[in-house]
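Everything below concerns the one structure shown next.
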Amino acid sequence: MAEAVLYGNNDEPSFPYEAVANAIKWVPEYVQKLTPKRGRNFSQEVLYHILINALLVFCRARTSAMFPNVHVSICNEFVDRLNQTLCALSNAGATHHYTEIVHRNNNSFFITCSKSPRFIWKQKLDHREVGLNLDYAAAGHIGPSDGERKGVSICEISGNAHTPISGEVVHFDHIADFASIENFIQLKTSLFNSSMIRLQLPYRFVYFWKPRRNDENIKITLNSNIPPSPQWWKENYIFLARYPYSMAYASNDTLFHEYWCVITAAFQLAEKLAAIKRPVPRECPKRVEELFSKVFRATQPSALQAPVSPHPPSTTETLIANLLAEIAELELSLQVEDERTPLERKAEDYVVRRSDLRYSIGIVCEWIKIHTMERGKLRAPLIHSGVRSWPKDGDERWTAKHGKGKNLVTKVTDFFFDKKVPM
């Protein structure tokens with residue numbers, strides 16, 4: 001649990017991993033059924049991100065997670081099913097870990113444990129407090145910086161769609177020791193993995209420091225005939241196909257030395273895919289995903305052989321030639337058209353902005369509930385000291401000023417009615 005592993009708090013009741021594992025065997029099928037196109041469909045990628053984070057919060061590997069108001073009904077259903085699992089367990093104390101959805105503005109929501117000793121329940125949060133709720137290593141590190149800053153992302157990599165799960169930015173001029181920051185992120189990533197293993201779920205995670213936007217190192221390396229070092233590959237493979245979808249044609253285990261010409265050809269296809277149309281279509285053609293999947297599978301070590309070569313030399317040469325031919329054919333005919341039906345586009349391309357009235361009523365109801373039935377939420381939350389300082393932007397209020405720049409009619413309609421806005 002995050003309380004013990006990340007913060008050294010051993011007073012929080014333990015999560016019943018083994019008992020829960022036997023009761024949530026339905027989860028992988030449930031997630032797969034809802035997100036079969038998550039590698040090439042932005043909406044399903046967002047939903048996958050939400051579901052995996054909800055699992056991490058449910059098993060207390062995260063204090064909380066925050067999402068835009070999209071797929072909130074599915075998240076409610078998922079959380080309810082997970083809570084029913086806890087309710088059905090015979091061991092005492094399982095219901096201590098109930099999760100709930102918490103709204104803090106019109107456009108997004110948190111999911112957290114109802115009895116978390118660390119979640120900050122106040123209605124008006126600043127950016128640092130949001131970061132503390134989200135277990136950031138450098139809470140409050142937002143906005144411009146006078147010195148170097150670097151982003152880090154934890155990704156889910158169990159299949160050939162690599163999905164960002166959690167990310168933040170670290171401002172180096174506000175930290176005393178980078179090693180402690182990286183150690184915190186390593187611990188968090190390890191906790192995510194150990195939690196999924198204990199729950200017997202297939203999801204796995206790694207973290208990556210993101211290259212600078214103007215960093216040409218990846219393009220230079222992928223335009224070379226000489227494969228990079230294993231260390232370079234380990235640090236950069238995640239970035240080779242995220243242009244702009246989450247499809248992957250490579251993993252940490254890819255035999256990139258043997259299949260380097262295939263990897264470079266797939267990279268060129270991904271680059272063309274990224275530049276072909278603006279704005280980027282919400283869904284990529286199925287044939288692109290199928291080709292990337294084929295490359296992904298073909299270049300992995302065999303599960304039954306030593307990871308030196310998964311194919312005999314002659315078979316390998318034929319496979320490489322076939323893959324190169326398929327990539328070249330697709331690159332010549334590539335047209336990224338939105339293959340979804342109008343109904344699918346209408347459902348996926350918008351997020352609901354809750355009305356000001358609905359939001360205000362929710363605040364009042366939550367205040368009454370906390371001050372009458374859930375007074376434990378009024379206690380001072382546990383605070384992780386984390387970094388030594390943060391930019392002044394970290395102290396600014398997080399909730400947006402919804403009325404700014406609106407005319408009178410828009411203010412009135414936004415007050416009374418929910419509104420669909422583009423994702």
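A short reminder: the numbers here are calculations on the coordinates, not readings from a lab. Treat the numbers as computed from the prediction; the structure is a model and nothing was measured. Every residue, glycine among them, receives a Cβ derived from its backbone with ideal geometry; neighbour counts consider all protein chains shown.
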Original post:
Taking the Cα atoms only, what angle lies between the long axis of helix 356-372 and the longest principal axis of the chain, rounded to 10 degrees?
Top reply: 60
**OP:** Using a Gaussian network model of the chain whose springs link C-alpha atoms within less than 10 Å, name the residue from 99, 413, 316 with the highest mean-square fluctuation.
**Re:** 413
**OP:** With θ set to phi - 60°, apply the Karplus curve 6.51 cos²θ - 1.76 cosθ + 1.60 along segment 385-390 and write out the HN-Hα couplings as whole Hz, x wherever there is a Gly or Pro.
**Re:** 4, x, 7, 6, 7, 8
Original post:
Say we join alpha carbon atoms closer than 10 Å with springs in a Gaussian network model of the chain; which of 262, 409, 280 then has the biggest fluctuation?
Top reply: 409
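If R0 is 25 Å, what FRET efficiency do you get for residue 357 and residue 81 from their C-beta distance, rounded to 0.05? Could you put the intermediate results ahead of the total?
Working: r = 30 Å, r/R0 = 1.21.
E(calc), rounded to 0.05, equals 0.25.
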Subject >> Loop-located trypsin sites (Lys or Arg not before Pro) in segment 24-115 whose Cβ has at most 12 other Cβ within 10 Å (DSSP) >> reply: 25
Subject >> Nearest-ten-degree value, helix 42-58 long axis tilted from longest Cα axis of the chain >> reply: 60
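Is there a pair in 210/406; 150/188; 188/286; 33/219; 122/419; 188/369 whose C-alpha atoms are over 28 Å apart, and which pairs would that be? Can you show the working numbers first?
Working: 210/406 37 Å; 150/188 18 Å; 188/286 34 Å; 33/219 35 Å; 122/419 26 Å; 188/369 32 Å.
Correct reply: 210/406; 188/286; 33/219; 188/369.
Subtract the Cα-Cα distance of residue 364 and residue 408 from 0.36 nm times their separation in residues, and report this length gain in nm to one decimal. Can you show the working numbers first?
Details: separation 44, 0.36 × 44 = 15.84 nm, distance 2.50 nm.
Contour length minus Cα-Cα distance gives 13.3 nm.
Report the FRET efficiency, 1/(1 + (r/R0)^6), for residue 272 and residue 197, where r is their Cβ-Cβ distance and R0 is 51 Å, rounded to 0.05.
Numbers: r = 38 Å, r/R0 = 0.75.
Once rounded, the FRET efficiency stands at 0.85.
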**OP:** Would you calculate the separation in nanometres between label points at residue 344 and residue 148, each defined as 7 Å from the Cα along the Cα-to-beta-carbon direction?
**Re:** 4.4
**OP:** Give the long-range amide H neighbours of residue 156: residues separated by 5 or more places, or on another chain, with amide H under 5 Å away, using H modelled in the peptide plane at 1.01 Å from N.
**Re:** 163, 165
**OP:** Using Cα pairs closer than 8 Å and at least 6 residues apart in sequence, work out the relative contact order for the chain, in percent.
**Re:** 20
Subject >> Table column - 3J(HN,Hα) (Hz), segment 97-102, Karplus curve with 6.51, -1.76, 1.60, x for Gly and Pro >> reply: 9, 3, 9, 8, 9, 10
Original post:
With springs only between Cα atoms under 10 Å, which of 203, 136, 245 fluctuates most in a Gaussian network model of the chain?
Top reply: 203
Subject >> Mean Cβ count within 10 Å, highest first, over the residues of peptides 152-160, 389-397 >> reply: 152-160, 389-397
